[in-house]
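As structure tokens, the structure follows; a few thoughts come after it.
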Amino acid sequence: MMKKLFVLLFLGMSFALIAQDTIVLQTVEVSAGIVRRNSAEAAMERKMDTALLKRLNTITMSQLLIQHSPVFIKTYGPGGVATASFRGTTASHTIVLWNGFQLNAPSLGQVDFSTIPVFMTEQVALKWGSGTSANSGGLGGMVNIETNQHFGEGLVLDLKQTYGSFNTFGSYITAGYSWANHLLRVKAYRTSSDNDFEYDNIGVIPHQVMKQKKAGFVDFGLMPEYQWRQRNSLITIVSWNQWSKRDCPQIMPNVNNGNTEEYTDNSYSRNFISYKTYWQTGKIEVKSAYFYEKQHYFLESYTDIGTPVTHINSRNDADIFHQIADLQQDLFRSWKLNAKIQYDREQVRSNNYDGVKNRDVLSFYAAVTGKVLNPIDLRLTLRNDWVDWESAGFFPTATLSYNAVFVKGLKINAGYSHNFRNPSLNDLYWNPGGNPDLKPENGRTVDGNMMFSRTFGRFSVESSLGAYYSQVRDWIQWVPTTYRYWVPENVSTVVAYGIEAHLKLNYDFNNWHFSASGNYVYSHTTDEDGMQLIYIPLHHANAFAELRWTTWNVTYTIEFTGRRKTTMNANEFYGFRLNSYTLCHVSVGKQIGKFYAEFKINNLTDVDYMAILWRAMPGRSFEVSLNYKF
């Protein structure tokens, strides 16, 4: 019923707007420009193009990162969990910030990127190495998402409707008004799918073509926002609310077992208020947030006569409070100071714990940036966290950036970072198996890159080539015991090293615009026995090309994932390796007045593949979308 209401609302507003007398102006698209900052500050960060985010705002964050970033995403498919592996580390080593507040769940310590719609974001930046120093936990890297300021734009109205294969619907509405000093805006969306695609099941004998069952999902969200700008200050209030209900399909070998019910029912409400005040040489921001998260996982299997075999009904409720004071101040000449104090309180109520569990974290952070010599920029940071009122120690980082004088547009950067990650509350208190004696993971990283950016008339190029080496001591890993349950232990030191390459090209000629970009990553991550960690490919890459002509737009996307291990057994049976695969996607769009229509084909070559062992993935699929923007 909710799906039909969203569709009817979209169509009704669209037809009403078509009936009005309008003056149609040619669409103008503005891409993100270069923000002039200290080179050392920007050396370990990449911001994603805002024009790209606007065009792709009906996909999830997991899809965006798979196709347009160096981050590897481990995905269970449409409607399934999607977690990040940054620089060969695990999902718990990638932290996600929303307007400065950490989104990693205190229970699992991870973020499911399939639950973050690009629609709810306006800026996305990736940070690594010393770029993650302002927050603990980012031993691999950080994904930073933010909202923007929008004043003086008048009526804000943006409607999108999508429909695709497997009865997949998406409805997206942004409505509000932007005055000279006030903004009131609401975003709402709903997505759903039967997710009943056909696939070749190689997990049964003989192999069969089957249709996936019990895999439907529905997600919907609401984000009201208010901003008030005064002469030298800004007040922002945002509430991000989402609900999702997802059925979990059986793995390939178990599809004939119809006596199983498995689903997740999750929701969260993330709310914050911030106050910024500016002066000529700096600014201070004070902000406070309250997050509520509910996670419910249900699994029940039974025999043909109804006798229960497995019954899991896991419920976790979390209350998280964040308090942050952030100061930025010019010192002398080119030198600047950034200082931050943060207090976080996490409280989780779970039927998997023995009582309510709490954690308090008080953090102190300071960074200074400036020029050592005219072509050399330096950034030094120091961080200290108090976890449950015990100091975790001091964690320094340093970044050096050289603006080459012999090649215009070339920068050479080097960095050192020291960071740590607290065990998750599940690691500490899960019953049975939690280990309250776990030590935090302790990681050190050295990295460097060369970045080149130039514009030659109508042609521009942006590229980078880098390498990294990191070592994580007291790596936390769940291991089996003789009591038929698993226990987390500080088992080993993990070493990760690799190469990262990025290239972006743009060319404009009259009414033609061509752009292409690509990423390649080599990730070698091993334990003390020299074994590559499971589900981390040695190679993965992506490429994206776009051609625009007047009101037409064509895109082509390629994503490549290399072979992956699925067990830590050195003599691994070939059937438990996941082969490499390459997926291609194409879209064609047309601007018609204030409307934009697009047709997409996903998995153009109909590749049969597995991203997770024995999990079915869709073949070729289609999607159409219609967008109206006032």
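The values are calculated or read from the model by the stated rules, or taken from the named source; none is laboratory data. Here the structure is a predicted model, which is why all the values come from computation and not from measurement. Note: ideal-geometry Cβ built from the backbone for every residue, glycine included; neighbour counts use all protein chains shown. Remember, those area values only see protein heavy atoms, side chains included, never the ligands or the DNA or RNA. Shrake-Rupley method; radii C 1.70, N 1.55, O 1.52, S 1.80 Å.
Using the Karplus curve 6.51 cos²θ - 1.76 cosθ + 1.60 with θ = phi - 60°, what ³J(HN,Hα) values do you get for each residue of region 527-540, in whole Hz, with x for Gly and Pro?
8, 5, 8, x, 8, 5, 5, 5, 6, 10, x, 5, 10, 8
With all protein chains present and a 1.4 Å probe, how do R577, R615, R563 order by accessible area, largest first? Before the final figure, lay out the partial values.
Working: R577 85, R615 55, R563 145 Å².
Largest accessible area first, the list is R563, R577, R615.
For the chain, with only Lys/Arg (+1) and Asp/Glu (-1) charged at the beta-carbon, what is the dipole magnitude about the Cα centre, in debye rounded to 20?
For the chain, the charge dipole is close to 1760 debye.
For region 360-479, calculate the relative contact order in percent as a whole number, restricting contacts to Cα pairs under 8 Å that are 6 or more residues apart.
17 percent
Are there GluC sites (Glu not before Pro) in region 510-572 that DSSP puts in a loop and that have at most 14 other Cβ atoms within 10 Å, and which ones?
Qualifying residues, ordered by number: E528, E572.
Which ³J(HN,Hα) values, rounded to whole Hz and listed in residue order, are derived for region 503-508 from phi using the Karplus coefficients 6.51, -1.76 and 1.60 in 6.51 cos²θ - 1.76 cosθ + 1.60 with θ = phi - 60°, glycine and proline given as x?
For region 503-508, the Karplus curve yields 9, 9, 10, 9, 9, 10 Hz.
With Kirkwood radius over Cα pairs in Å defined as stated, name the option among (1) 26.1; (2) 30.7; (3) 26.8 computed from the structure displayed.
Here Kirkwood radius over Cα pairs in Å agrees with entry (1).
Select from S470, W243, Y172 the residue farthest towards the positive end of the dipole of the chain; place +1 on Cβ of Lys and Arg, -1 on Cβ of Asp and Glu, and compute about the Cα centre.
Y172
Along the charge dipole of region 441-529, Cβ charges K/R +1 and D/E -1, which of V461, V446, V521 sits furthest on the positive end?
Of the options given, the answer is V461.
At a 10 angstrom cut-off on C-beta neighbours, averaged per residue, how do the peptides 275-281, 134-140, 174-180, 262-268 rank from highest to lowest?
Most protected by this proxy first, the peptides run 134-140, 262-268, 174-180, 275-281.
Could you give each residue of region 169-186 its phi-based ³J(HN,Hα) in whole Hz, using Karplus coefficients 6.51, -1.76, 1.60 with θ = phi - 60°, and x for Gly or Pro?
The phi angles translate into 10, x, 10, 9, 9, 10, 9, x, 9, 10, 8, 5, 10, 9, 9, 10, 9, 10 Hz.
Between the alpha-carbon centers of region 259-285 and region 436-501, tell me the distance in whole angstrom.
The distance from the Cα centre of region 259-285 to that of region 436-501 comes to 26 Å.
As a check on your grasp of the helix formula, calculate [θ] at 222 nm for the chain: sum -39500 (n - 2.57) over DSSP H runs of n ≥ 4, divide by the residue count, round to the nearest 500.
Mean residue ellipticity at 222 nm (helix-derived): -2000 deg cm²/dmol.
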